[in-house]
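A short worksheet on the structure shown next.
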Amino acid sequence: MSTTNLSATGAAQSAPVRTYRRRSKRLKKWFPYLLVAPAVIYLMMITLYPGIYAIVQSFYAVKFGPWQPIGFGNYERLWGDYQFWGALWNTFVMGSIALTLQCVIALALAFYAYRDPWVKGWRIIFLVPMLFMPSAVAFIYKLFFLDARVFADLLIRIGLIDGNIAFQSSIWMSRSILILADVWQWTPFLFIIFVAALQGQDEEVEEAARLDGASWWSIFWNISLPMMKPVIAVALILRGIDITTMFTNVFIITKGGPAFGTETISYFIYRTGFKFFDFGYASSASVIMLILTIIIAQLVVKRAFVSAKE
Amino acid sequence: MASQRRKSRSESLTLRYAILGGWALFCLMPVLWFLSIGFRPRTEIITAQPIYWPTFSLDAFWMIFEDWPMWKYLRNSVLAIIGSVLIDLVLAIPAAYSLSRYTYRGRDDIGFYILSTRMMAPAIVAIPIFFLFRNAGLLDSVWALMLIYAAINLSFVTWIIRSYMMDIPKELEDAAKTDGAGDLRILWEIIIPAILPGIITASVIAMIFAINEFLFTLLIASTPNAYTMSVALANFTGGSDGLIYNAIALVAFLAFVPVFIVVVAIQKHLSRGLTMGAVKG
């Protein structure tokens, strides 16, 4: 892809005037930057500007009145705030459990579905949960487990328990609802990607292995899975990003409770900022999260996307 | 020997359909149950004993159109989504063209920067964005939603379109170039028609994310003036009566049906779109 023979204006060759040619040459050099610039500027408005704003704000106490500079005060408070550490821990625990479950289930489903004659039908059925608005999914689970207590009733009917289940007073039961809702809605995301990867693999290698007497399982384990590694990495990263920013389900189903046991970092920032109007403090939490995001992006995401491209 | 092999084959088929069928049930049962919520009277939703065979009722249907400005929510959603997708395409197509067709210093870093904006948690930027829009007097308006949805989806759309552009053989362009066509004309007359499936895929995925968006909409749309379907759902409360679940369920299905139809239509391209082009399905 050499740029030297590209002409930005079709008429450049025919222009005999030297200044014109020089100008068009400079235009040629800057042309690709000009094309990409609007998108980059637009994105900077929602990433760079807010990033700087949050960093500045994190050094002030911002509540209703004017900003009061307090140095690292917000960060010191954050360091000793067990709710902040709890939110980090909750995000990590719920996120990693949900992500692991989704990945294993999606791999298993893809393994059985990709050579099934009705793979298209399975794909459409499995897609259904993903196409509901997340707020709607949150309400399905809120109603099913908490408000209408259908789940408890079903368990009583088949005789597994003989009373109501107090979901709202148990941290792990509340977490389980959030995890289940996420697994239900988003396993298809991974499934769709994994099936596509399995269908795209070299059939001849597969055929040859099968003629040698290899079982489907060993083909999957020894040939397909290694081939899928970069795809799995990309898919898990994309899903991982969305899981760590989990907000909607927490907002609708548990409001972070009981005892802040399901409060994610996104909900922590929302609560301190928009419920207690402690904007400076919320910004300091945002900055910590921003730093973590940048580190992970540079270390993990860059590598995964580059290797998936090759 | 042969019969044994056939037996193990049929056993694995049973297992296969048990697993796939089981998951299909797990996917569909909550959906069907929620549909039944949408078509029952409010008195049969939250009861001492759950009711599994409710009486059929269209209460919720009349309620969402008579008690709430449903058309307004719908209009807000549609305006914000279509506007944001258009903004995205106008910005993303030239950017993707630049990233896929030229070599220049910093290209890969620019590409990665665009990609990395996808990783920003909405909560990180929520507070500054809130103040930005407040100072610009854009709170509570569909325009603000349009701008923010466009920003959220821009990285996705750019990378999907870029991936499709990379697939176009160079010869196609070279032929046009020897005919004296300029770069922009090549983009408009050759590249864009050739990657139309990619553009449609990117638009559909952007549309889904825009419909789903919750946190920003919650913050920016503080009154029903700018509510979209997604946030309107969370506000279907009848004051002391609590949540009005049959209305919620019906609106959920109202938003689901068009999305489902569009997604089934682009099924073939879905995996490629969802991975921003990293998987060529």
Check each of the trypsin sites (Lys or Arg not before Pro) in region B:54-151 and keep only those in coil by DSSP with at most 10 other C-beta atoms within 10 angstrom; list them in order. B:Arg105
In region B:91-112, whose amide N lies under 16 Å from the spot 7 Å out along Cα-to-Cβ of A:Gln298? List them in ranges. B:109-110, B:112
If Lys and Arg each add +1 and Asp and Glu each add -1, what is the summed charge of the other residues whose beta carbon sits under 11 Å from the beta carbon of A:Glu263? +3
Among B:Thr43, A:Thr248, which comes first, then next, by fewest other beta-carbon atoms within 10 Å? B:Thr43, A:Thr248
Go from 0 up to the bin containing the longest alpha carbon distance in region B:60-274, width 10 Å each, and give me the % of pairs per bin. 8, 29, 30, 20, 9, 3, 1, 0
How do B:Met276, A:Met228 line up, fewest other C-beta atoms within 10 Å first? A:Met228, B:Met276
Over region A:204-310, what number does the Rg to Rh ratio reach, with both radii from the alpha-carbon atoms and Rh per Kirkwood? 1.23
Karplus (6.51, -1.76, 1.60) ³J(HN,Hα), θ = phi - 60°, over region B:20-29, in Hz, Gly and Pro reported as x: 5, x, x, 5, 4, 4, 4, 6, 8, 4
Which chymotrypsin sites (Phe, Trp or Tyr not before Pro) from region A:109-213 combine a DSSP loop assignment with at most 14 other Cβ atoms within 10 Å? A:Trp118
Just tell me which aspartates and glutamates come within less than 14 Å, Cα to Cα, of B:Lys72; anything on the same chain fewer than 8 places away is out. B:Asp140
Chain A: radius of gyration and largest Cα-Cα distance (Dmax), Å: 26.1, 93
Residue of A:Thr47, A:Thr187, A:Thr264 that the Gaussian network model of chain A assigns the largest fluctuation, springs spanning Cα pairs under 10 Å: A:Thr47
Taking the Cα atoms only, what angle lies between the long axis of helix B:245-265 and the longest principal axis of chain B, rounded to 10 degrees? 30 degrees
Who wins for biggest fluctuation among B:Pro128, B:Pro69, B:Pro197 in a Gaussian network model of chain B, springs between alpha carbons below 10 Å? B:Pro128
Of all C-alpha pairs within region A:124-194, those more than 14 angstrom apart amount in percent to 64 percent
Using θ = phi - 60° and the Karplus form 6.51 cos²θ - 1.76 cosθ + 1.60, what ³J(HN,Hα) does each residue of region B:267-279 get, whole Hz, x for Gly and Pro? 2, 4, 9, 4, 5, 5, x, 5, 9, 6, x, 6, 10
Exposure proxy check on A:Ile269, A:Ile232: fewest-to-most Cβ neighbours within 10 Å is A:Ile232, A:Ile269
Rounded to the nearest 0.05, what FRET efficiency is calculated for A:Arg77 and A:Ala208 with R0 set to 60 Å and r the Cβ-Cβ distance? 0.40
Which entries in the list B:Lys170/B:Lys268; A:Lys25/B:Lys170; A:Lys229/A:Lys302 go over 19 Å, if you measure between the two C-alpha atoms of each? B:Lys170/B:Lys268; A:Lys25/B:Lys170
Can you return the lysines within cross-link range of A:Lys275? Criterion is Cα-Cα under 17 Å, with same-chain partners fewer than 8 residues away left out. A:Lys63, A:Lys255
Counting sequence-distant residues (5 or more places) and residues on other chains, those with an amide H built under 5 Å from that of A:Ala61 are A:Gln68, A:Ile70
Scale the Cα Rg of region A:82-147 by the rule-of-thumb value 2.2 N^0.38 Å and send over the ratio, two decimals. 1.51
Given H placed on each backbone N at 1.01 Å, which residues far from A:Gln201 in sequence or on other chains put an amide H within less than 5 Å of it? none
Can you give the alpha-carbon Rg of the protein assembly as shown over 2.2 N^0.38 Å, where N counts its residues? 1.05
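Values quoted throughout were computed directly from the atomic coordinates according to the rules given, and no laboratory measurement underlies them. In this text the structure is predicted, and so the values were computed from the model without any measurement. Positions of Cβ are backbone-derived with ideal geometry, glycine not excepted, and every protein chain shown enters the neighbour counts.
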